Amino acid sequence: MSMERILSEIRTYDGVLELASLPGSEHPEISWGDHFFYYAPDGQVPRNRQPYATIVTKNYPDDTDSHLDAADRWRLNLHVGARAFTELIGHAPNETDAPRVDHSVEDVFRPHPLYGAFGWVCVVNPGTSTLERALEALRDAHLADRRRVERRQSRNDSTLNG
């Protein structure tokens, strides 16, 4: 139920662009069933940046620690930045002596298995322990991406006009 709640929530955000890879689409087959979220009010997939959040429904070749190939498992991934990462995980993103974690545990915030050092967190099957905080972090990630886009546009506009 929480995936539908997350999708329903994020689809209300101003300027959100959801890439939902469907079977038979032009997207790589491995991404079918997954969702990628950008702040892109023009409706165009950004070519110069990554999404701020994703929902993945299966293992990828270099990302198997969450055991997403098991039935009814999926993972919310969020770029939250260093401050929120530290708050959610308990240590800084690039802390070298951070404890090793089990990425397959459900309903617990974890560093992203591949991108944790860059301020990404994840939750396998968000539930009663994490869903509300995950929705808050998702909203914050969207607003942060919006600010980055608007800052870049402002710089580009001042360069063109100045």
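Values quoted throughout were computed directly from the atomic coordinates according to the rules given, and no laboratory measurement underlies them. Keep in mind it's a predicted model, so treat the numbers as computed, not measured. As a convention, Cβ positions derive from the backbone with ideal geometry for all residues, glycine included, and neighbour counts pool all protein chains shown.
Compute the angle between helix 131-161 and the longest alpha-carbon principal axis of the chain, please, reported from 0 to 90 degrees and rounded to the nearest 10.
Roughly 30 degrees between the two axes.
Would you compute, from DSSP H runs of 4+ residues alone, the mean residue ellipticity of the chain at 222 nm, taking -39500 (n - 2.57) per run and dividing by the full residue count, rounded to the nearest 500?
Numbers: 3 runs with 49 residues, N = 162.
After summing the helix terms and dividing by residue count, I get -10000 deg cm²/dmol.
Can you list residues whose amide H is under 5 Å from Leu68's amide H, if they're 5+ apart or on another chain and H is modeled 1.01 Å from N?
HN-HN under 5 Å from Leu68: Asn59.
Which entry in (1) 16.3, 56; (2) 19.4, 61; (3) 20.0, 56 matches Rg and Dmax of the Cα atoms in Å derived from the coordinates of this structure?
(1)
Give me the percent of DSSP beta bridges within the chain that run antiparallel, rounded to the nearest 5. The partial results should precede the final answer.
Details: 20 of 21 bridges.
Close to 95 percent.
At a temperature of 4 °C and a viscosity of 1.567 mPa s, determine how fast the range 36-126 diffuses translationally according to Stokes-Einstein, using the Kirkwood radius over alpha-carbon pairs as Rh; express D in µm²/s, rounded to the nearest whole number. Spell out each step's value before the answer.
Values: Rh = 13.8 Å.
Rounded, D is 94 µm²/s.
Report the one residue of Asn156, Pro46, Val16 whose Cα lies farthest in the direction of the positive end of the charge dipole of the range 2-161 (charges on C-beta: Lys and Arg +1, Asp and Glu -1; origin at the Cα centre).
Farthest towards the positive end: Asn156.
Can you find, among Val101, Val56, Phe36, the residue sitting farthest towards the positive end of the charge dipole of the chain, where Lys and Arg contribute +1 and Asp and Glu -1 at Cβ?
Looking along the dipole axis, the top candidate is Phe36.
Size of the dipole of the chain about the Cα centre, Lys and Arg at +1 and Asp and Glu at -1 on the beta carbon, nothing else charged, in debye to 20? Mind dumping the intermediate values first?
Details: 18 positive and 25 negative charges, 125 e Å.
That gives a dipole near 600 debye.
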